[in-house]
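Below: one structure, written as structure tokens.
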Amino acid sequence: MAAMAAIPPQRYHYFLVLDFEATCDKPQIHPQEIIEFPILKLNGQTMEIESTFHMYVQPAVHPQLTPFCTELTGIIQGMVDGQPSLQQVLERVDEWMAKEGLLDPSVKSIFVTCGDWDLKVMLPGQCQYLGLPVADYFKQWINLKKAYSFAMGSWPKNGLLDMNKGLSLQHIGRPHSGIDDCKNIANIMKTLAHRGFIFKQTSKPF
């Protein structure tokens, strides 16, 4: 096994890997609400996970999860009942960001998601519905699908499954578990970085 190449200097001190799970059904329910809120803090030099934020969120509009949602995400009713509201979880995220030194203006960090949905659609949409502000740190991100396509020259139509396959990586855990999806994103990022890829923001300013 050849030693992996050194990771090139990245533009960020930390990458914050995020993957929401939300209430869902067929046909889709409205509004969708976040029910799992995981973040992995990746060191930009080593691409190793340094800290984890992980909470389940009680949905307010449709408090009862559908069988479709449980089957897709593995999240059962007992995991969201009695959990904090989105507003409370966002406050906890901010406390965690502060504790991890991520709110220091000299520390550069950026969120990373698999697609644009999490931070372009889901979070701002639910915050608007609930009349909550969206913190500035959620307003720019790296879409891993775009980063992968820049690095590998092909679009990962099936998201994480295609990216793992394209990089000969084993899929970690259960698809559509938010925390497991985050671990897969982190693993893909580490692999791309070792191949010499430098991650850049892909979202357009709001």
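Tell me which residues, restricted to region 6-29, are of a type in the set (D, E, K, R) and assigned to a loop (DSSP other than H, G, I, E, B).
ARG11, ASP19, ASP25, LYS26
Filter region 48-61 for residues that are assigned to a loop (DSSP other than H, G, I, E, B) and either free of Cβ contacts under 8 Å to residues at least 60 places away in the same chain or closer than 23 Å to PHE138 by Cβ (or both) and give the result.
Those that are assigned to a loop (DSSP other than H, G, I, E, B) and either free of Cβ contacts under 8 Å to residues at least 60 places away in the same chain or closer than 23 Å to PHE138 by Cβ (or both): VAL57, GLN58, PRO59, ALA60, VAL61.
Confirm whether CYS114 is closer than 30 Å to LYS146 by Cβ and touching a Gly at 6+ places or on another chain (Cβ under 7 Å).
Here the answer is yes, as CYS114 does meet what is asked.
Could you please tell me which pairs satisfy a Cβ distance under 7 Å, a separation of 6+ or placement on different chains, a first residue in region 17-39 that is free of Cβ contacts under 8 Å to residues at least 40 places away in the same chain, and a second residue that is open to solvent by 10 Å² or more (accessible area, probe 1.4 Å) and not small (Gly, Ala, Ser)?
Here the result reads ILE29/HIS62, each pair linking region 17-39 to a residue that is open to solvent by 10 Å² or more (accessible area, probe 1.4 Å) and not small (Gly, Ala, Ser).
For region 48-61, what are the residues that are touching a strand residue (DSSP E or B) at 6+ places or on another chain (Cβ under 8 Å) and either surrounded by fewer than 14 Cβ atoms within 10 Å (Cβ to Cβ) or modelled with pLDDT under 95 (or both)?
If the condition is that a residue be touching a strand residue (DSSP E or B) at 6+ places or on another chain (Cβ under 8 Å) and either surrounded by fewer than 14 Cβ atoms within 10 Å (Cβ to Cβ) or modelled with pLDDT under 95 (or both), then GLU48, GLU50, HIS54 are the ones that fit.
Consider GLY115 against the criteria (1) outside any loop (DSSP other than H, G, I, E, B); (2) in contact (Cβ under 8 Å) with a residue 40 or more places away in the chain: it satisfies all of them except one. Which criterion is unmet?
That leaves (1) as the condition not met.
Of everything in region 37-92, what is among the aromatic types (Phe, Trp, Tyr) and out of contact with any His (no Cβ under 8 Å at 6 or more places or on another chain)? Give them in sequence order.
PHE53, TYR56, PHE68
Residue check, LEU90 against (1) on the phi > 0 side of the Ramachandran plot; (2) open to solvent by 10 Å² or more (accessible area, probe 1.4 Å), all met but one. Which one?
All conditions are met except number (1).
Return yes or no: is LEU102 closer than 21 Å to THR52 by Cβ, assigned to a loop (DSSP other than H, G, I, E, B) and modelled with pLDDT of 95 or more?
Yes, satisfied.
From the list GLN32, GLN83, GLN64, GLN45, which one is in contact with a Phe, Trp or Tyr (Cβ under 7 Å, 6 or more places away or on another chain), open to solvent by 30 Å² or more (accessible area, probe 1.4 Å) and part of a loop (DSSP other than H, G, I, E, B)?
GLN83
Can you tell me which residue in region 67-80 is surrounded by the most Cβ atoms within 10 Å (Cβ to Cβ), limited to those that are within 19 Å of the chain's Cα centre (by Cα) and assigned to a loop (DSSP other than H, G, I, E, B)?
Only one residue tops the list, namely ILE75.
Give region 96-131 a look and list any residue that's of a type in the set (A, V, I, L, M), open to solvent by less than 30 Å² (accessible area, probe 1.4 Å) and under 29 Å from HIS62 (Cβ atoms), or say none.
Selection gives MET97, VAL112, LEU119, MET122, LEU123.
What residue, among those in region 19-29 that are over 14 Å from VAL121 (Cα atoms) and of a type in the set (A, V, I, L, M, F, W, C), is most open to solvent (accessible area, probe 1.4 Å)?
ILE29
The values are calculated or read from the model by the stated rules, or taken from the named source; none is laboratory data. Since the model is a prediction, treat every value here as computed from it, not as a measurement. Positions of Cβ are backbone-derived with ideal geometry, glycine not excepted, and every protein chain shown enters the neighbour counts. Just the protein is used for accessible areas: all its heavy atoms, side chains included, with ligands, DNA and RNA removed. Shrake-Rupley method; radii C 1.70, N 1.55, O 1.52, S 1.80 Å.
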